[in-house]
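A.B. asks: Mind looking over this structure? Questions follow.
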Amino acid sequence: MTDIADGQIVHLIQHYGYIGLTGILVLGIVGLPLPDETILTAVGYFVYRGDLSYFPAVLAGIIGGAIGITLSYVVGTFVGRPLVLRFGRYLHITDRMLLRVETYLGRYGPLTLFGGFFIPGIRHVTAIVAGLGGMSFTRFALAAYAGVCVWVTVFITLGRFAGPQIVLVTDSLPMPVVLCLLGVSLALLLCSLIGWTSWKRRYKS
C-alpha cells in the first residue's frame, strides 16, 4: 500500500479530505485517465488507519461518482455523436467503442450502466451512449446511481477491511493486477446475472 499512499493523487485526498475525493472522482468518471479503483481502495486503507471516517468517505465518493456520470450523460445528450467522436479521442473514445456499448445497451439496457462501473475506461462511455441514444434521465439515473453506490462501497470497503493485508498482497502482485482480478471477478458475477436474466425472459416468453 506504500506505493499508493505515496501517489500524488492520493496525497491530494489526504490533504483535502472528502472534498478532494469528490473532485478527483468527478474527473475520473468524466474520463480523465485516473486510477479510480486504486484511489477508492487507498481511501479504504485511510479509513482503516483512522485518517478518514467510513461513511463520510463513501458518501463523498458516491457524490463525486454521481456528478461525474451525470456530466457524461449530459455530454451525450446535448453535444451529439460528431463532437463526442471529435474530442473523445483525447479520452480514448472511438466509434468502435461507442458501437460496442450501444450494442450492450440495446441488449441489456440499464444493466449495462450498472455493470459498466466495474470496467475501467467504459463507465463514462456507457453514460455518454445512454445520452446519445435518448435514454430518459429517470432510467439512466436509477441504473447509474445504483451502480456508483455499489462500486464506491465495494472498493472502499475492500481497503477498509483488508487493511494491512493489502500490503502483503501488493508485495507479490502489483496493485493494478490485484484490482484487475477483482474487476474480472465482479464482471463475471455481473455476466452471470445478465445471462440468468436473459434466459429467464426467453423461458417465460
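Derivation of every value follows stated rules applied to the coordinates shown; laboratory data play no part. Just so you know, these numbers come straight off a predicted model, no measurement behind them. Neighbour counts are summed over all protein chains in view; Cβ atoms, including those assigned to glycine, are modelled from backbone coordinates with ideal geometry.
A.B. asks: Near Arg123, within a Cβ-to-Cβ distance under 11 Å, what is the net charge of the other residues, with Lys and Arg +1 and Asp and Glu -1?
C.D. replies: Charge balance near Arg123 sits at -2.
A.B. asks: Within the set of other residues whose C-beta is less than 14 Å from the C-beta of Tyr104, count the net charge using Lys and Arg as +1 and Asp and Glu as -1.
C.D. replies: Overall, the nearby charge balance is +3.
A.B. asks: I've got another one for you. Taking 0.36 nm per intervening residue step and subtracting the Cα-Cα distance, what contour gain separates Phe55 from Phe137 on full extension?
C.D. replies: Separation in residues times 0.36 nm, less the Cα-Cα distance, equals 26.8 nm.
A.B. asks: With +1 assigned to the C-beta of every Lys and Arg and -1 to the C-beta of every Asp and Glu, and no other charges, what is the dipole magnitude of the range 16-116 about the Cα centre in debye, to the nearest 20?
C.D. replies: Roughly 340 debye, rounded to the nearest 20.
A.B. asks: Describe numerically, in nm with one decimal, the distance between label points set 7 Å from Cα along Cα→Cβ at Thr153 and at Arg96.
C.D. replies: 3.7
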